[in-house]
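A.B. asks: Here's a structure for you.
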Amino acid sequence: MTARSRKDRRAFSLVELVVVIVIIGIIAAMAIPRFSRGTAGAGDSALSGNLHIMRNAIQLYFAEHAGAFPTQADFVNQLTQYTSVAGEVSATRDATHPFGPYVLAIPPCPVGNQANPTAIAFNTTDPLPAPTADTGGWIYNPGTGEFRANTNLTDQYGNSYFSY
C-alpha cells in the first residue's frame, strides 16, 4: 500500500458527511419543539409558584394582624419588613413590631408583557375585574386579599393566567 491510498482512507467522503448532517438535522427537528414546549410550561409553573408564595404571605399577614389584609398604601413594606399588630412598619424587629417579614421581595410576574413585572395594580372591586394593560405584573384587592397576575394572556392550554 502506498502513502497516498492510506491518506485517502483516513478522510470522510462527501456522501458520508452529507448523511451525518442530515441525521443531525432530523434530531434537531425533533428536539427543538420539545424544548419550546418546556419553556412555556416553565413560565406557567413559575407563575403558580409565585402566586402561591404571595397568597400565603397575604394570608399569614391576615392571620397575624387581627383579620386585616396588607393595605394599598404600604403593601410592599408590610410584606417585606417587620410590622406591629396595627400594620405599622419597621426595618427592625422589636417588641412592638414582632411580625414578618413575610417575603424577601415581591416576585416578578413571569408571564405577560408588563412594563414593570413586580409593580402592583390595586383595585377594590370584588371580584377583581379583568386585567388592566401595562400597569404592573400583579393586581391586588386590599379589601379581600385577592392577588392575581395582571395579564390577559393564556397558557398553552388556553387557560387565562388571570384565573390562576
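The values are calculated or read from the model by the stated rules, or taken from the named source; none is laboratory data. Here the structure is a predicted model, which is why all the values come from computation and not from measurement. So basically every Cβ, Gly included, is an ideal-geometry build from the backbone, and we count neighbours across all protein chains shown.
A.B. asks: Quick check: is even one residue across region 120-129 out of contact with any Lys or Arg (no Cβ under 7 Å at 6 or more places or on another chain), in contact (Cβ under 8 Å) with a residue 12 or more places away in the chain, within 29 Å of residue 42 (Cα to Cα) and among the aliphatic types (A, V, I, L, M)?
C.D. replies: Looking only at region 120-129, we keep the residues that are out of contact with any Lys or Arg (no Cβ under 7 Å at 6 or more places or on another chain), and these are 120-127, 129.
In the following step, the residues that additionally are in contact (Cβ under 8 Å) with a residue 12 or more places away in the chain were identified as 120-127.
Filter once more, keeping what is within 29 Å of residue 42 (Cα to Cα): 120-123, 127.
Cutting the leftovers down to among the aliphatic types (A, V, I, L, M) gives us 120-121.
Scanning region 120-129 turns up at least one residue that is out of contact with any Lys or Arg (no Cβ under 7 Å at 6 or more places or on another chain), in contact (Cβ under 8 Å) with a residue 12 or more places away in the chain, within 29 Å of residue 42 (Cα to Cα) and among the aliphatic types (A, V, I, L, M).
A.B. asks: Consider residue 148 against the criteria (1) in contact with a Gly (Cβ under 8 Å, 6 or more places away or on another chain); (2) closer than 15 Å to residue 51 by Cβ: it satisfies all of them except one. Which criterion is unmet?
C.D. replies: Residue 148 satisfies every listed condition except (1).
A.B. asks: Counting only residues that are polar (S, T, N, Q) and not in a loop (DSSP other than H, G, I, E, B), how many does region 55-82 have? If you could, list the steps in order and put the result at the bottom.
C.D. replies: Our first condition is that a residue be polar (S, T, N, Q); within region 55-82, this holds for 56, 59, 71-72, 77-78, 80-81.
From what's left, not in a loop (DSSP other than H, G, I, E, B): 56, 59, 77-78, 80.
Residues in region 55-82 being polar (S, T, N, Q) and not in a loop (DSSP other than H, G, I, E, B): 5 in total.
A.B. asks: Collect the residues in region 111-164 that are closer than 21 Å to residue 71 by Cα, crowded, with 16+ Cβ neighbours inside 10 Å and polar (S, T, N, Q), keeping them in residue-number order.
C.D. replies: 123, 135, 141, 150
A.B. asks: Out of (1) surrounded by 10 or more Cβ atoms within 10 Å (Cβ to Cβ); (2) farther than 25 Å from residue 110 by Cβ, the odd one out for residue 28 is which?
C.D. replies: (1)
A.B. asks: Additional query: Filter region 96-126 down to the residues that are in contact with an Asp or Glu (Cβ under 7 Å, 6 or more places away or on another chain) and modelled with pLDDT under 90 and list them by number.
C.D. replies: Selection gives 114, 115.
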